[in-house]
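Only one structure is covered here, and it is reproduced in the block below.
The values are calculated or read from the model by the stated rules, or taken from the named source; none is laboratory data. Keep in mind that this is a model prediction, so the values were computed, not measured. Here the Cβ positions follow ideal geometry from the backbone for every residue, glycine too, while neighbour counts run over all protein chains shown. The accessibility values were calculated without ligands, DNA or RNA, using every heavy atom of the protein model including side chains. Shrake-Rupley method; radii C 1.70, N 1.55, O 1.52, S 1.80 Å.
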Amino acid sequence: MSFNIGLSGLQAAAADLKVTGNNIANSSTIGFKKSRAEFADIYANSFSSCVNKSAVGVRLAGVVQQFAQGNLELTGNTLDMAINGEGFFVLRNDVGQNEMVYTRNGTFQVDREGYVVSSAGKRLQAYPPKIANSDIADFDSGKLTDLQLPLDNMGAKSTTEVDITFNLNADEEVITGAGGPAFGWPALPDTAPDPNSYNWSTTYQVYDSLGSPRDVTMYFVKTGALTWEVNVGMYDVNNVTPPDPPVMIDATGTGGPVEIVFKVDGTIDTVNGATVPDAVAAVIPISMPAFTDNGAAALVSSIKLDNATQYSSSKNSVIDLTQDGYSSGTLSGFDVDADGVVFSRYSNGQSFILGQVAMANFKNSQGLQQVGDNNWVQSYESGDPIYGGAGDGRLGSIQSGEIENSNVDLTEELVNLITAQRSYEANAKTISTADQMTQTILNIR
């Protein structure tokens, strides 16, 4: 019996050494989770007049993975990602298959087709945006797709809408005899607007179909206590023979000013007699025939004025302005935020959302089955995966430009190694002692 007890102890100590050695070997493996050997004693039941239980050894009850957080290390590489909290990255095991594997190793790179892949070539999964080529963070959370980064340049986009917020100074003097700035629509070459014929002007840029910037100028004329007139002008490059300068024309196509009326509280009331906030009422259409200087298509756009105000003791100023056109641009990089949203950045200042990195969690992470390459697959013990984005439910956040190191404490493992070694030696001594006892019995004459 002593031989069996000692042998079971040797086997247990050897298993402990194996698990500890594996932890030590992977102490520098990114995303590795250490394991712990757990043991249970063994009892043999013998039946006679009563039940007698006697201890006869030890057995390995199981090797349990420990999913404690590893330390995060800054790398500066955008596609290096670490999970701060619970959860796993989701990878497609093989192209064309729906089998998924899960990992905490966030060292990703881009393959020749632009797909984000692990070091083993498995593609990172993400939720695609509902609106492609936009900056709207709205994703199709019911669909997992391979995350692919665009490697081509961005084409130009013609401006279709301008949203401008401005304040007009209520203390400005009324200009009598107004009818718009003295352009004499259309103005003559080299003719500048009479500065005495308007109170304030502001200029902003729009883009034609080829991405060339075009200046649009708005001239504001106060005609009453709460009433203003706005002329929108653009330089007409189509009716000029170089080297003559272009001519300023009415870009609204109305041949006259747009009337804005404010309420007594300073907010906008009507545009050309139509009440705001009616979306149509707050829009001034602007247009320009096809451009002859570069061959760009006709410019058809609009200006939204629904947030305009008139307050006293405030300067005439543009508070906010956005327009949806842009010039062509070259790819300059990618970004990933704490929610796992992946952006592409371009030299023209634009940024598009490419998707949101998908994450998964399990009811029992310790039940996951290891398959190598720092990957796990679900098992009966782990339960089904619960998918989501970073920050959803129990899922942690994503730290871009960082990696999660192994959670192995090398000092602790070296102590465990010594303990397991001593246990092995002690159990070997048990067998040696049992052998001596047996030899003593055999020597009895």
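Tabulated results
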| read-out | value |
| --- | --- |
| Per residue, in Å², the accessible surface of the chain once ligands and nucleic acids are set aside, probe 1.4 Å | 51 Å² |
| Added length on full extension, which subtracts the Cα-Cα distance from 0.36 nm per residue, LYS130 to THR438 | 103.0 nm |
| Percent carbon-and-sulfur accessible area, the range 303-356, ignoring ligands, DNA and RNA, probe 1.4 Å | 45 percent |
| Full-stretch length increase - ASP335, ASN272 - with 0.36 nm per residue and alpha-carbon distance subtracted | 18.2 nm |
| Degrees separating the helix 410-442 axis from the principal Cα axis of the chain, which is the longest one | 20 degrees |
| Derived scalar couplings ³J(HN,Hα) [the range 381-396; Karplus, 6.51 cos²θ - 1.76 cosθ + 1.60; whole Hz; x for Gly, Pro] | 5, 6, x, 6, x, 10, 8, x, x, 4, x, 7, x, 8, 6, x |
| Karplus 3J(HN,Hα) series, Hz, for the range 326-340 with 6.51 cos²θ - 1.76 cosθ + 1.60 (x for Gly, Pro) | 6, 7, 5, x, 9, 5, 10, x, 9, 9, 10, 8, 5, 8, x |
| 12 Å cut-off, amide nitrogen to a point 7 angstrom out along SER141 Cα→Cβ, residues in the range 332-374 | 359 |
| For ASN93, residues with placed amide H under 5 Å, excluding near neighbours | GLU99, MET100, VAL101 |
| Amide H contacts of ASN407 (H built 1.01 Å from N, under 5 Å, at least 5 apart or other chain) | PHE32, LYS34 |
| Structure-based [θ]222 nm, the chain - -39500 (n - 2.57) summed over DSSP H runs of at least 4, per residue, nearest 500 | -4500 deg cm²/dmol |
| Sparsely packed GluC sites (Glu not before Pro) within the range 47-147, loop by DSSP, other Cβ within 10 Å at most 16 | GLU99, GLU113 |
| Nearest-ten-degree value, helix 2-25 long axis tilted from longest Cα axis of the chain | 20 degrees |
| Residues with amide H under 5 Å from that of ASN316, placed H, sequence gap 5 or more | ASN169 |
| Area accessible to solvent at ARG92, 1.4 Å probe radius, in Å² | 30 Å² |
| Label-point gap, in nm, between PHE39 and LEU417 - each point 7 angstrom along Cα→Cβ | 1.9 nm |
| Share of carbon and sulfur in the accessible heavy-atom surface of the range 59-148 [1.4 Å probe, %] | 42 percent |
| Separation of the ASP324 and VAL63 label points, Cα + 7 Å toward Cβ, nm | 5.8 nm |
| Vicinal HN-Hα couplings computed from phi for the range 312-321 (Karplus, 6.51 cos²θ - 1.76 cosθ + 1.60; Hz; Gly/Pro x) | 6, 6, 10, 6, 5, 7, 8, 8, 7, 8 |
